[in-house]
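Here is the structure we will look at, set down as structure tokens.
The values are calculated or read from the model by the stated rules, or taken from the named source; none is laboratory data. Because the structure is predicted, anything quoted here is derived from the model rather than measured. Positions of Cβ are backbone-derived with ideal geometry, glycine not excepted, and every protein chain shown enters the neighbour counts.
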Amino acid sequence: MRFCSISISAVLVAVFTIPAVAQTTQPTDAPVAPTPIGEMQELVVGEGDAASAEGGFQVAASLWRKSFEGERLGGAAPIEVVMTVETPNFPGLARLASGMKVGGKRRIALPASEVFGQQVLTNSGLPADENIYIEAELTKVFAPEPFEITTITEGSGDEVTETGSRVKMHYTGWTDGFDGEKKFDSSRDRGQPFGLALGKGQVIEGWERGLLGMKVGERRHLSIPHYYAYGQRAQGAIPAYARLFFDVELVEIVHPVEFKTEIMKEGEGAPAVDGDKVRVHYSGWLDGFGGDQLFDSSHNEGRQPIEFVLGKSQVIKGWEQGVVGMKPGEVRRLTIPYDLAYGERGRPPQIPAFSTLYFEVEYLSLVEIPKAGELGSETMKEGDGEPVKEGDKVRVHYTGWLDDFGGAQEFDSSRKPGREPFSFVVGRGQVIQGWDQGVTGMKPGEVRRLTIPYNLAYGEQGRPPVIPAFATLYFEIEYLGLGQ
């Protein structure tokens, strides 16, 4: 079982990333003065059209931490954003721009939780209560364009009645009209619905508006003006300022499921606790225990039981909770809601978004955790010339095993057909610690065998699926000479 991070379609996600590390730059065109939190300052009164609720507008915004002389977020140039007064990703910026005329410039200081929507705030890593200092100029106002919602097929199930609803959708998007030639993305092509939570800024504003009121089974056409989509930002096949056309279908409204455990077979011995390394067999389904949608099993041909350490986040949270307390020989069934499994994103293509998972787990045994050790080194062939020192760029051939030198579990080798010698700089953290230590002192032509304990290799986590947790590695290395 592999537990990994998830990438989802970038086409729908309307998230603007605010780097938390930036340069210090002072604003221009205005004297520096203390700014009360929440109090708006008018720096320049504009003379053009005003930002209103009827259309979209574009602002050039600069943001700082701590003060207007503090760390600047987002780089030296102002951030260009197309938005409306209801854009969920930047409520503070919308507040600042509302009613301002083109050419106008304002300032305000607000807590980060009021500046950014939930999704942007989460991605930025900024504390919710930290004050953010904003200076914005209104650069463009867009005339209102029609936002059209057409029901193609009526639904009959639950209805999306509020923001915060978690839903699964199928969709297809075009830039040149429904069923046009310029299709840019489709969940139907991937064969798996797209999951999202409304009101969190996870999707474009046109979706936030266009999905409300849909019933399960309903299909709609959404014709979305650019200021409810990506505005000035080109996104792959989507040009800047593009109207988008979506065919959307509500597949499911996701309702919370309780985490449950059920003992199917009693075990004997000491119960598993946090910090224990356990060995288990398992099977997992999407549609219920013993269902048709088995997505993974250690019982499959050629597979082995897996091992992991409880309390180290090596597995999903539902496993962390569900395996604790099991005794050797015990079999449990775990019903794991999506928030304790792979979350709102899922793990495509095996695990859809918002998936409840059903696992049957057999606790086989406790595995002894090896103690941290020291590097073992043995010279198999002497070399000649200058020994390697820290800072040298070296060229080596190598082979690595999990079970012993020349064993059956070879996991990597530069000597395989098509491979080349490997180069790295010693002592710069470009390789595992055991290599930095073990290659130091080698002479050109020398061959060494390194026995590297887990604490000098890939540690308690390992590097799944190749390197298990707490793995001792066995490397045979030939030093070829200095690299270029």
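Would you pick out the residues in segment 275-322 that are over 26 Å from the mean Cα position of the chain (by Cα), without any contact (Cβ under 8 Å) to a residue 60 or more places away in the chain and under 17 Å from Ile369 (Cβ atoms)? Residues satisfying the conditions are Gly275, Pro305. Every test in (1) assigned by TED's automatic domain parsing to the domain that holds Val361; (2) not in a loop (DSSP other than H, G, I, E, B) is passed by Phe246 save one, and that test is (1).
Scanning segment 327-368 for residues being among the aliphatic types (A, V, I, L, M), touching a residue at least 40 places away in the same chain (Cβ under 8 Å) and part of a loop (DSSP other than H, G, I, E, B) gives a total of 1. Applying the condition of being over 20 Å from Ile149 (Cβ atoms) and among the basic types (Lys, Arg) to segment 189-216 and asking which residue is modelled with the lowest pLDDT yields Lys200. Of all residues in segment 206-229, those being surrounded by fewer than 22 Cβ atoms within 10 Å (Cβ to Cβ) and under 25 Å from the mean Cα position of the chain (by Cα) number 1. Of all residues in segment 446-471, those that are part of a loop (DSSP other than H, G, I, E, B), closer than 13 Å to Gln433 by Cα and in contact with a strand residue (DSSP E or B) (Cβ under 9 Å, 6 or more places away or on another chain) total 3.
A single member of Arg395, Arg347, Arg332 is surrounded by 16 or more Cβ atoms within 10 Å (Cβ to Cβ) and closer than 30 Å to Arg188 by Cα, and it is Arg347. Count of segment 306-325 residues, restricted to those that are part of a helix (DSSP H, G or I) and touching a Gly at 6+ places or on another chain (Cβ under 9 Å), is 1. Against the conditions (1) on the phi < 0 side of the Ramachandran plot; (2) outside any strand (DSSP E or B), Gly406 satisfies every one except (1). Checking the stated criteria, Tyr133 turns out to be in contact (Cβ under 8 Å) with a residue 60 or more places away in the chain, assigned by TED's automatic domain parsing to the domain that holds Glu54 and among the aromatic types (Phe, Trp, Tyr). For Gln430, state whether it is in a loop (DSSP other than H, G, I, E, B) and either in contact (Cβ under 8 Å) with a residue 60 or more places away in the chain or polar (S, T, N, Q) (or both). In short, yes. Within the span defined as segment 166-182, every residue fails to be within 24 Å of Glu86 (Cα to Cα), touching a Leu at 6+ places or on another chain (Cβ under 9 Å), surrounded by fewer than 21 Cβ atoms within 10 Å (Cβ to Cβ) and of a type in the set (A, V, I, L, M). Can Val203 be described as in a strand (DSSP E or B) and within 21 Å of the chain's Cα centre (by Cα)? No: the conditions fail for Val203.
Kindly provide the set of residues from segment 432-459 that are of a type in the set (Asp, Glu) and in contact with a Phe, Trp or Tyr (Cβ under 6 Å, 6 or more places away or on another chain), ordered by number. The answer is Glu446, and nothing else. With (1) assigned by TED's automatic domain parsing to the domain that holds Gly445; (2) surrounded by fewer than 21 Cβ atoms within 10 Å (Cβ to Cβ); (3) in contact with a strand residue (DSSP E or B) (Cβ under 6 Å, 6 or more places away or on another chain) as the list, and Asp403 as the residue in question, which single condition is left unmet? Among (1) assigned by TED's automatic domain parsing to the domain that holds Gly445; (2) surrounded by fewer than 21 Cβ atoms within 10 Å (Cβ to Cβ); (3) in contact with a strand residue (DSSP E or B) (Cβ under 6 Å, 6 or more places away or on another chain), the lone unmet condition for Asp403 is (3).
Here Glu154 passes the criteria (1) closer than 29 Å to Val59 by Cα; (2) in contact (Cβ under 8 Å) with a residue 12 or more places away in the chain except the one numbered (1).
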